[in-house]
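Undergrad: This is the structure I want to talk about, given as structure tokens.
The values are calculated or read from the model by the stated rules, or taken from the named source; none is laboratory data. Note that the structure is predicted; figures quoted are calculated from it, not measured. Cβ placement follows ideal geometry from the backbone for every residue including glycine, while neighbour counts extend to all protein chains displayed.
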Amino acid sequence: MRITATIITRDEQDNIARAIRSVGFCDEILVVDSGSTDQTVAIAKSLGATVICKDWPGYAAQKNFAAEQARHDWILSLDADEAVTPRLATSIQLLTPASARCAGYDFPRLARYCGRWIRHSGWYPDRKIRLYDRTRGRWVGKYVHESVQVDGERGHLDGDLLHYTCDSIEAHRANLERYTDLAARELRESGRSVGALLPLLAPIHSFVKAYVLQLGFLDGRAGITIARMAARYVYLKYSKARASAGR
């Protein structure tokens with residue numbers, strides 16, 4: 001089965017080589033870059049990837065653009081801070097045109113956070129469709145939480161997709177600020193009302209869910225930090241949505 005691996009980038013010189021090398025089994029590697037000022041593009045080209053530069057239109061739109069430029073219909077979509085494990089690569093390579101009857105395939109994503117692999121806290125197995133037939137699937141999501149939606153059966157593959165997330169709490173806080181800006185904008189444009197109590201009650205629910213119900217306490221100190229950040233995320237999202245609505 002002929003596969004194009006697509007990776008979207010911007011200033012990812014510390015991650016891009018790992019991502020590209022992990023998908024070396026694919027028939028084409030396509031990087032779509034949105035204005036990197038570091039060595040991302042040079043590194044990608046040196047490793048044999050085709051690089052296309054395009055201004056940033058949003059996560060889903062950029063990933064759909066990447067799929068449209070591919071030589072092959074089967075797309076393996078990665079973020080620059082992700083990498084395919086050998087076991088997952090083997091699962092993908094075992095697919096054939098005759099056996100790949102599904103429109104898309106999901107597999108678990110294992111995140112590394114502040115030097116530790118996280119297996120609870122709602123972060124694992126976190127199965128995502130990342131291998132899909134572009135004639136039967138596409139990315140959806142206006143600003144944040146984009147995902148692949150397929151028209152047809154969804155299959156499952158073994159092996160983890162590794163996600164190298166934040167190396168520090170400071171980096172996590174910076175990400176929260178950026179993503180909650182987008183989440184609040186999406187919430188506001190959806191027309192959904194945000195009550196006065198939601199910024200107060202939703203964080204409590206998010207903390208309990210991540211730390212207790214999703215066994216975050218088994219992730220040690222990282223687990224309680226993740227639960228606190230989950231609470232902070234919903235607090236900022238709802239607070240920013242209310243502030244932008246003039247409440």
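Undergrad: Return the only residue of L110, L157 being under 30 Å from Q93 (Cβ atoms), touching a residue at least 60 places away in the same chain (Cβ under 8 Å), in the same structural domain as S77 (by TED's automatic domain parsing) and of a type outside the set (S, T, Y).
TA: From the options L110, L157, the qualifying one is L157.
Undergrad: Please enumerate the residues belonging to the stretch 89-145 that are closer than 25 Å to D27 by Cβ and of a type in the set (A, V, I, L, M, F, W, C).
TA: Listed by number, the residues that qualify are A89, I92, L94, L95, A98, A100, C102, A103, F107, I129, L131, W139.
Undergrad: Which residues, taken from the stretch 188-242, are charged (D, E, K, R) and exposed (fewer than 14 other Cβ atoms within 10 Å of the Cβ)? Reasoning before the result, please.
TA: Keep residues of the stretch 188-242 that are charged (D, E, K, R), which gives 188-189, 192, 209, 219, 221, 228, 232, 237, 240, 242.
Within the stretch 188-242, E189, R192, R221 meet the criteria.
Undergrad: Look through V41, V51, V32 and report the one residue that is at pLDDT 95 or above, buried (at least 20 other Cβ atoms within 10 Å of the Cβ) and under 28 Å from T96 (Cα atoms). Quick ask: steps written out before the conclusion?
TA: Working: V41 fails: under 28 Å from T96 (Cα atoms); V51 fails: buried (at least 20 other Cβ atoms within 10 Å of the Cβ).
So the residue among V41, V51, V32 that is at pLDDT 95 or above, buried (at least 20 other Cβ atoms within 10 Å of the Cβ) and under 28 Å from T96 (Cα atoms) is V32.
Undergrad: Just wondering, is there one or more residues in the stretch 185-205 that are in contact with a Gly (Cβ under 8 Å, 6 or more places away or on another chain), of a type outside the set (D, E) and not assigned by TED's automatic domain parsing to the domain that holds H145?
TA: Looking for residues that are in contact with a Gly (Cβ under 8 Å, 6 or more places away or on another chain), of a type outside the set (D, E) and not assigned by TED's automatic domain parsing to the domain that holds H145, one finds none in the stretch 185-205, hence no.
So that you can scan it fast, the table gives a plain yes or no per residue for (1) touching a residue at least 24 places away in the same chain (Cβ under 8 Å); (2) farther than 21 Å from S147 by Cβ; (3) of a type in the set (V, I, T):
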residue: G24; (1), (2), (3): no, yes, no
residue: E28; (1), (2), (3): yes, yes, no
residue: L88; (1), (2), (3): yes, no, no
residue: L94; (1), (2), (3): no, yes, no
residue: A98; (1), (2), (3): no, yes, no
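Undergrad: Another question about this same structure. Specify the residue that is surrounded by the most Cβ atoms within 10 Å (Cβ to Cβ); the eligible residues are those in the stretch 113-130 that are in contact (Cβ under 8 Å) with a residue 40 or more places away in the chain and assigned to a strand (DSSP E or B).
TA: Looking at the filtered set, the residue picked out is R130.
Undergrad: While we're here: Provide a single number: the residues in the stretch 136-175 that are among the hydroxyl-bearing types (S, T, Y) and over 23 Å from R228 (Cα atoms). Spell out how you get there, then give the answer.
TA: We begin by selecting, within the stretch 136-175, every residue among the hydroxyl-bearing types (S, T, Y); these are 143, 147, 164-165, 168.
Next cut, over 23 Å from R228 (Cα atoms) only: 143, 147.
Of the residues in that region, 2 qualify.
Undergrad: Condition check: under 17 Å from the mean Cα position of the chain (by Cα), under 18 Å from R109 (Cα atoms) and in the same structural domain as A19 (by TED's automatic domain parsing). Does G141 satisfy that? Outline the logic, then answer.
TA: Values: under 17 Å from the mean Cα position of the chain (by Cα): yes; under 18 Å from R109 (Cα atoms): no; in the same structural domain as A19 (by TED's automatic domain parsing): yes.
No: the conditions fail for G141.
Undergrad: Residues in the stretch 34-44: is at least one more than 15 Å from R10 (Cβ to Cβ) and outside any loop (DSSP other than H, G, I, E, B)?
TA: Checked the stretch 34-44: no residue is more than 15 Å from R10 (Cβ to Cβ) and outside any loop (DSSP other than H, G, I, E, B).
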